[in-house]
Amino acid sequence: MDSSRYYNPTEELLEPEALTALQRQKLSRLVSEIAGHTPFYTEKFAKVAFDPMKDPLSNVPFTTRKELEA
């Protein structure tokens with residue numbers, strides 16, 4: 001493939017399994033960062049047992065507008 005068509009060919013041209021692993025790794029870093037530095041999300045993630053490297057994404061607790069406005 002012509003990699004000049006891609007912003008980040010190293011990531012964008014990964015095989016599906018490798019792409020999923022990379023996405024999970026990035027999600028894990030993001031969850032760790034926000035859960036460790038943001039009181040709102042620290043409390044929110046403490047209420048659920050969510051492992052971003054293993055659990056289905058459907059287990060991610062959604063944040064509603066009402067929660068953010070409270």
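Using a 1.4 Å probe over the heavy atoms of the protein chains, calculate the carbon and sulfur portion of the accessible area of the chain as a whole percent. Write down the numbers at each step before the final one.
Numbers: 3280 of 5770 Å².
Of the solvent-accessible surface of the chain, carbon and sulfur hold 57 percent.
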Read through the labelled values [x] 15.8, 49; [y] 11.8, 38; [z] 11.2, 31 and report the label of the one computed as Rg and Dmax of the Cα atoms in Å from the structure. [x]
What number, in percent, do you get for the relative contact order of the chain if the mean sequence gap of Cα pairs under 8 Å and at least 6 apart is divided by its residue count? 22
Can you return the lysines within cross-link range of residue 54? Criterion is Cα-Cα under 20 Å, with same-chain partners fewer than 8 residues away left out. 26, 44
Within 10 Å, count the other beta carbons around each residue, average over each peptide in 18-30, 54-66, and list them highest first. 18-30, 54-66
Note down the net charge around residue 18, summing +1 for each Lys or Arg and -1 for each Asp or Glu among other residues with Cβ under 15 Å from its Cβ. -2
Explain nothing, just compute: Karplus ³J(HN,Hα) = 6.51 cos²θ - 1.76 cosθ + 1.60, θ = phi - 60°, for every residue of the range 44-54 in order, whole Hz, x for Gly and Pro. 4, 6, 5, 6, 10, 9, 10, 9, x, 7, 10
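Compute the accessible area per residue over the chain, keeping the other protein chains in place, probe 1.4 Å, unit Å². It would help to have the intermediate numbers written out before the result.
Details: 5770 Å² over 70 residues.
For the chain, the per-residue accessible area is 82 Å².
Could the peptides 33-45, 5-17 be put in order, highest first, of the mean number of other beta-carbon atoms found within 10 Å of their residues? Show your work: numbers first, answer last.
Numbers: 33-45: 13.0, 5-17: 10.0.
Descending packing order for the listed peptides: 33-45, 5-17.
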Between residue 19 and residue 57, what FRET efficiency follows from the Cβ-Cβ distance if R0 is 22 Å, with the result rounded to 0.05? 0.95
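Let a ≥ b ≥ c be the square roots of the eigenvalues of the Cα gyration tensor of the range 30-70; is it rounded (a/c under 1.5), or, if not, prolate (a/b larger than b/c) or oblate? Write down the numbers at each step before the final one.
Values: a/c = 2.27, a/b = 1.40, b/c = 1.62.
Oblate.
So what's the back-of-envelope 222 nm ellipticity for the chain, counting only DSSP H runs of four-plus at -39500 (n - 2.57) apiece and dividing by all residues, rounded to 500?
Dividing the helical sum by the residues of the chain leaves -16000 deg cm²/dmol.
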Those residues of the range 21-48 whose amide nitrogen sits under 12 Å from the label point placed on residue 10, 7 Å along Cα→Cβ: none
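The values are calculated or read from the model by the stated rules, or taken from the named source; none is laboratory data. Predicted model only: the values in this text are computed from it and were never measured. Cβ coordinates were reconstructed from backbone atoms using ideal geometry, including for glycine residues, and neighbour counts include every protein chain displayed. Note: accessible area is taken over every heavy atom of the protein model, side chains too, but ligands, DNA and RNA are not part of it. Shrake-Rupley method; radii C 1.70, N 1.55, O 1.52, S 1.80 Å.
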